[in-house]
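Beneath this line is the structure, given in structure tokens, with notes to follow.
Just so you know, all these numbers are worked out from the coordinates, no wet-lab data involved. Everything numeric in this text was worked out from a predicted model, so none of it was measured. Glycine also receives a Cβ, built like all others from the backbone with ideal geometry; neighbour counts cover every protein chain displayed.
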Amino acid sequence: MLQYQIQQFDAPLEIMEPQKMISLDDYHLESIQRISEKIRQHTLIIFEEQKLHEFFPLASGVLLKWKEGYFLVLAGHTKTTTIGNNQLYTIFENDFIAILGRRINNKRGKGIAVDDDKIDCSIIKLTDSCKGEIIEKGYKFFNLGDVNIDHDDLPGMKYLVFGFPITKVKQKYCSPLDYSAQALSYQTIILNNNKLFKQLKLIEGVNFMVPYKIKKIFKTGNRKRVRGPEPTGLSGCGLWCLPNNMDIENNFYSLAYYPVGILTEHDKKNSLFIGTRLAIIANGIWQKFDPTAPRSRKLVLR
């Protein structure tokens, strides 16, 4: 269990995978659970206020930092305004926090790379007060200095999608700000299909594809095939690279993991998620917020 309590996250994790990837032993399954609990500390549920103090789950978001800058990364199509209705919030322990800060939106052609029509990410540099409230509730910002911005997808690598489908976010009757949410922890791979990649007009070094056949998902552990949750709400959630060695017998708290990017689109026809890579996000922080931030050495910039 997490070391802090957040009321709306009291439901157990759903740990799934796209196929019978490997035969998992108890140590492997427990390591996935432990890593999921750690990734949860970097992941917010984003709510929209449609009426006064009436909140509706909308998306997921990933918390990142560089030096003194603290950022929330969302899918670019996640709507927001600075005043009035449609302001974005997150909810903690019967309290709501407005997501406030300077925002850049790199959606569909207004971005950083030369060919960026498939970029769909938004970066919010949080105000000190907003950042402070989030940290006070036990959340953590993943340090960009601890990750290779230009991640290479090598054969055999495993990944974890971690986010909150809105069908799994339930409001309780005792309070309008009391929610129960079940996170989806989805062990997966990055698809290497050049023909489909080009067909979808995706961009090398910018996008990735992750399989999601909603009717053919397997529950990790008992190997039972189930129907996965509807993906609405997973926009903005992270794709995380898992360590090659999943042996937790000695010390599972030392298991390394890091973000590769965020999910931005569900392609129902091809049964997959499309995402924007961390290189684009890091370059946005470097270009718009802090020229000392790590940036991609592979992408060509304007």
Please tell me which of these pairs span more than 27 angstrom C-alpha to C-alpha: 125/201; 125/298; 65/198; 38/201; 51/170; 67/168? 125/201; 65/198; 38/201; 67/168
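Please report 277, 103, 225, 297 as a ranked list, fewest other C-beta atoms within 10 angstrom at the top and most at the bottom.
With the sparsest Cβ surroundings first, the list reads 297, 225, 103, 277.
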On a full-extension model of 0.36 nm per residue, what is the gain between residue 98 and residue 256, subtracting their alpha-carbon distance, rounded to one decimal in nm? 53.7 nm
